[in-house]
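Take a look at the structure set out below.
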2 protein chains.
Amino acid sequence: MSFQTAAAAASIKCGDCPIRHRAVCSRCETDELRELDGLKYYRTIEAGQTIVWSGDEMDFVASLVSGIATLSQTMEDGRTQMVGLLLPSDFVGRPGRAEAAYDVTATTDVTLCCFRKKPFEALMMRTPHIGQRLLEMTLDELDAAREWMLLLGRKTAREKIATLLAIIIRRDASLHLQADGGALEFDLPLTREAMADYLGLTLETVSRQISALKREGVIELRGKRHIVIPDLDRLIEETGDDSDGGVLT
Amino acid sequence: MSFQTAAAAASIKCGDCPIRHRAVCSRCETDELRELDGLKYYRTIEAGQTIVWSGDEMDFVASLVSGIATLSQTMEDGRTQMVGLLLPSDFVGRPGRAEAAYDVTATTDVTLCCFRKKPFEALMMRTPHIGQRLLEMTLDELDAAREWMLLLGRKTAREKIATLLAIIIRRDASLHLQADGGALEFDLPLTREAMADYLGLTLETVSRQISALKREGVIELRGKRHIVIPDLDRLIEETGDDSDGGVLT
DNA sequence: TCCTGACATTGATCCGGATCAACTGGATGA
DNA sequence: TCATCCAGTTGATCCGGATCAATGTCAGGA
């Protein structure tokens, strides 16, 4: 499994942003980032606040600069399902669509680097590489969504938890620190309830399964959120995925 | 809810194909379809055959001309989850990716209109509209996948069945005929097992829920596959979705 | 210092869907 | 005409995760 992540590759910057704007491909970034610099503005959102509601008019697209946000859908009776997890450098919004299709909620304090949609779309038209890059990113998200469908439809609660931990580790290298002896540790960026909404479980089941993994030594807990993985391979075995990394790679 | 579908809009043809190639946008189709005509070849696959296996080298992309195919993922122990349903005019394959990420299986006899990947990609580079159209199609698929995540994570077995029926009705107008009195009928293009793999259920549960819907008059069965919907609104109520169509629209 | 409220854990019980198993009804073909 | 073979149905039972409820933990504030 490869732990090369967007955050790890964040060496190329746009103005003040500490992240790389992935909507801009590396081949064209020098020129286009200069143009983007003129368009952008920053927006900060507190933990717990909803950034946009499904159905809202959305006149901007954005890159997530810092913090963590979620995409979710809610049924009339309140059942909710998270459909995406946004980490720094991820893209929010959709050129060519006026209304938000999902609720976007900040789970930690969040900074967005926003671009008004109209000029961004114009830039996209002038710059085929950006559209191409967006297509690549969308295809990656589609793969991730389908991977998640397998998880939701066919995995057990224990496998779901292990998979979520593996995905968090893989996607955000900045969250974890490689300790000595191969152990890996990081802070969970989600509450038990948010994890449950992501995994299609209840928060009690999430809590019980985390306790079970702890009891069996697959993970260690320091406090409620800080997780230590003594043996990553052991965790990966619990995910139910191909042990060689397979689709996770 | 809108029942305008791809099949209903299939008036614009490419050579012999009775479908519209949706990867080509309507603005540019005259010129580019002429070019595509030179590239394409047909391929037929029997019901039950797998067209490509996950991991296979794939040197073509294609439009589905007739029949029905599925995209699915399988875990080592055999648990499988369908992640996509391909109907006529849908696009198969991925420019810029060498290996298939999913198993593609024909559930009925299938005809593909294939394009070798290299020349198709070259055409894409010359023709920004095609890339744009592909981005739109991919975004639509992403929305469908996320809709499906809500279904897999949070809906009951009964809601899942009702939703699948509603989606089949919505997506392929050619499958159903509006009978007199507002009733709607069509043949199910999937076995109970395929439905189960799509919905994250077992085939027994699918069968039981279909029987229950029949018993309660939400649907009628003529034979095992032919379904009559006496009252579409009644069915939609069972899906758990917003009654105004909501995200299904 | 204690109170409060948010988050998390744990226990007891319930239930929806899985599992195991028997059976039915067509279609196919010897 | 009858054996065979699926796809589908139905029944009995089981079990994983949901639900309901009580308790624990800890940070922040009066």
Inter-copy distances for residue B:217, label 7 Å out on the Cα-Cβ vector, sorted ascending, nm, one decimal, are 6.3
For residue B:65, the residues 5 or more places away or on another chain with a placed amide H closer than 5 Å to its own amide H are B:89, B:111, B:112, B:113
For region B:72-179 the GluC sites (Glu not before Pro) that pass both the DSSP coil test and the at-most-11 other-Cβ-within-10 Å test are B:76
Sorted shortest first, the nm distances from the residue B:16 label point (7 Å along Cα→Cβ) to its counterparts in the other copies are 6.2
Debye calc, one equal point scatterer per Cα of region A:7-149, no solvent, log10 I(q)/I(0) at q = 0.13, 0.14, 0.18 1/Å comes to -0.56, -0.65, -1.10
Once accessible area is computed for A alone, B alone and the pair with a 1.4 Å probe, the total buried surface, to the nearest 100 Å², works out to 4100
Sorted by chain and number, the residues with a modelled amide H under 5 Å from that of residue B:102, at a separation of 5 or more or across chains, are B:55
Sequence order, region A:110-116: Karplus ³J(HN,Hα) from phi using 6.51 cos²θ - 1.76 cosθ + 1.60, θ = phi - 60°, Hz rounded, Gly and Pro as x, gives 10, 10, 10, 9, 9, 10, 4
Here region B:207-218 yields Karplus 3J(HN,Hα) values (6.51, -1.76, 1.60; θ = phi - 60°; whole Hz; Gly and Pro given as x) of 4, 4, 5, 5, 4, 5, 4, 5, 4, 8, x, 6
Rh_Kirkwood(region A:102-153) over Cα pairs, Å, one decimal, evaluates to 13.7
Candidate cut points under trypsin sites (Lys or Arg not before Pro) in region A:132-164, DSSP loop plus at most 12 other Cβ atoms within 10 Å of their own Cβ, are none
Distance in nm between residue B:126 and residue B:35 label points, each 7 Å along Cα→Cβ, equals 0.4
Rounded to whole Å, √(5λ) for the Cα gyration tensor eigenvalues of region B:111-235, largest first, gives 34, 18, 14
Mean other chain Cβ within 10 Å across A:81-88 is 3
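The values are calculated or read from the model by the stated rules, or taken from the named source; none is laboratory data. Small disclaimer: the values here were computed from a predicted structure and weren't measured. Neighbour counts run over all protein chains shown; Cβ positions are idealised from the backbone, glycine included. Quick note on the areas: whole protein, heavy atoms, side chains included, nothing else; ligands and nucleic acids left out. Shrake-Rupley method; radii C 1.70, N 1.55, O 1.52, S 1.80 Å.
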